[in-house]
Amino acid sequence: MPVFDGHNDVLTRLMQAGGIDGARQFLDGSPFHVDVPKARRGGFAGGLFAVWVPSPPRQPGQPGAPDIGAAMAGTRYDIPLPEPLERGYATDVVMHEIGILHRLESLGALRVCTSVAMIRTCLRDGVIAAVLHIEGAEAIDPDLHLLEVLHRAGLRSLGPVWSRDTIFAEGVPFRFPGSPDTGGGLTDTGRRLIAACNRLGILVDCSHLNERGFDDVAATSDAPLVASHSNAHALCPHARNLTDRQLDAIARSGGLVGLNLATAFLRKDGRMRSDVPMDTLIAHLDHLLERLGERGVALGSDFDGAVVPRGIDDVSGLPVLIDAMLRHGYPEALVRRIACENWLDVLARTWGEPSDAEAG
């Protein structure tokens with residue numbers, strides 16, 4: 001069963017492991033969650049490939065950035081938001097990672113897709129379909145000139161923030177237990193960004209936005225609300241997760257939530273540990289389906305950006321999750337929607353293409 005996934009961070013991993021010159025390891029096999037051999041074994045057909053900018057290395061004598069992964073291994077934590085980025089540095093990293101994506105395309109590893117028709121061609125041809133996504137808009141100038149350039153380079157999905165403030169909005173912290181109601185919403189520049197994304201047909205990703213930012217996107221955007229990689233706050237009270245009120249707003253918009261496999265956002269104790277049974281993932285899916293309906297739930301793994309459940313491990317383990325859904329009693333048609341079709345439907349409606357739901 002093909003899987004179209006809402007979030008991975010392999011471009012950042014490739015940048016850190018050799019950049020454009022090291023891109024070939026994506027074809028031949030790598031230590032990362034996502035590469036061509038693992039995709040073939042696991043039915044990974046493609047997804048949103050995130051461009052994310054790590055905080056720059058600290059100079060000697062400066063305090064180090066918090067080790068988010070280590071802190072999230074505990075049962076209670078409140079990790080300060082990283083410092084905002086300087087735009088020139090962020091732009092350099094964004095261009096580097098987009099360069100890696102296009103090098104992968106030139107090597108035949110994947111195809112950069114800007115329409116659902118292109119994605120379906122990839123599904124038919126057995127080529128990984130990659131949608132360019134930027135997680136955190138630090139590189140974009142307040143006049144939004146770079147947004148136009150990035151759109152021409154293939155950008156079709158954008159998160160205004162990662163968990164770090166930008167000129168557009170405030171990020172939600174890594175806090176457990178915690179609420180997403182943590183700060184201010186969109187700035188005036190942020191509202192202009194959302195309007196520009198609507199005009200260009202760029203999906204606006206609400207994952208990593210705090211609650212007020214989410215509400216402002218809901219009030220500003222005329223597109224379906226989407227959280228590409230988030231889970232249910234009712235089951236795991238992490239600040240990164242979505243409350244039932246937010247899930248209901250997404251449902252009213254005809255939007256979608258991608259189940260995040262990052263274990264800290266799944267476990268009741270909020271710990272980033274891999275010993276998570278499939279029943280925990282199914283419980284989140286059950287809750288999301290209850291609030292969003294069968295067309296509002298998909299997958300947003302966070303592969304190469306987090307610890308994922310043992311037994312899945314990487315994209316080659318996706319059939320484990322598919323089998324768990326089928327064993328739980330989800331009809332095969334619903335599993336296919338969660339695994340792939342719901343993403344294609346919401347992308348079509350966001351990008352201004354006829355969706356299968358509309359056609360049917």
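Some values worked out for this structure:
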| quantity | calculated |
| --- | --- |
| Cα-based Rg / Dmax (Å) for the stretch 214-339 | 13.9, 41 |
| 5 angstrom amide H check on residue 134, placed H, neighbours 5+ away | 51, 157, 158, 159 |
| Rel. contact order, % - alpha carbon contacts under 8 angstrom, at least six apart, the stretch 1-137 | 32 |
| Computed over the stretch 201-352: relative contact order in percent, which uses C-alpha pairs under 8 Å that are six or more apart | 24 |
| Under-5 Å amide H pairs with residue 299, H placed in peptide plane, nonlocal only | 6, 259 |
| HN-Hα J in Hz across the stretch 251-261 - Karplus 6.51, -1.76, 1.60, θ = phi - 60°, x for Gly and Pro | 4, 5, 7, x, x, 7, 10, x, 4, 8, 8 |
| For 124, 212, order by how many other beta-carbon atoms lie within 10 Å, fewest first | 124, 212 |
| Peptides ranked, highest mean first, by Cβ atoms within 10 Å: ranges 342-351, 95-104, 178-187 | 342-351, 95-104, 178-187 |
| Per-pair calculated FRET efficiency, R0 = 56 Å: residue 353 and residue 275 via Cβ, rounded to 0.05 | 0.85 |
| Within-14-Å neighbourhood charge of residue 278 [Cβ basis; K, R +1; D, E -1] | -2 |
| Gain in span if fully extended, residue 199 to residue 25, counting 0.36 nm per residue against the direct Cα distance | 58.9 nm |
| Gain on full stretching of the segment that runs from residue 83 to residue 70 - 0.36 nm per residue minus C-alpha separation | 2.8 nm |
| Listed candidates (1) 1.01; (2) 0.90; (3) 1.46 - label of the one calculated as Cα Rg over 2.2 N^0.38 Å | (2) |
| For residue 187, distant residues with modelled amide H under 5 Å away | 169 |
| For the stretch 45-51, 3J(HN,Hα) per residue [Karplus equation, 6.51 cos²θ - 1.76 cosθ + 1.60, θ = phi - 60°, Hz, x = Gly/Pro] | 8, x, x, 7, 9, 7, 9 |
| Computed magnitude of the charge dipole of the chain (debye, nearest 20; Cβ of K, R +1, Cβ of D, E -1) | 460 |
| Dipole of the stretch 148-255 [Lys/Arg +1, Asp/Glu -1 at C-beta], most positive-end residue of 241, 151, 162 | 151 |
| Over the chain, relative contact order from alpha-carbon pairs under 8 Å, at least 6 apart, % | 20 |
| Charge dipole magnitude, Cβ of K and R +1, D and E -1 - the stretch 1-100, Cα centre, debye nearest 20 | 300 |
| The stretch 167-207-the stretch 65-102 distance, computed between alpha-carbon centres (Å) | 16 |
| Hz values of 3J(HN,Hα) by residue in the stretch 175-186 - Karplus curve (6.51, -1.76, 1.60), Gly and Pro given as x | 9, 9, x, x, 10, x, 7, 10, x, x, x, 5 |
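Since every read-out is calculated from the coordinates, none of them should be taken as a lab result. As the structure is a prediction and not an experimental result, all values here were calculated from the model. Positions of Cβ are generated from backbone atoms using ideal geometry, with glycine treated the same way; all protein chains shown enter the neighbour counts.
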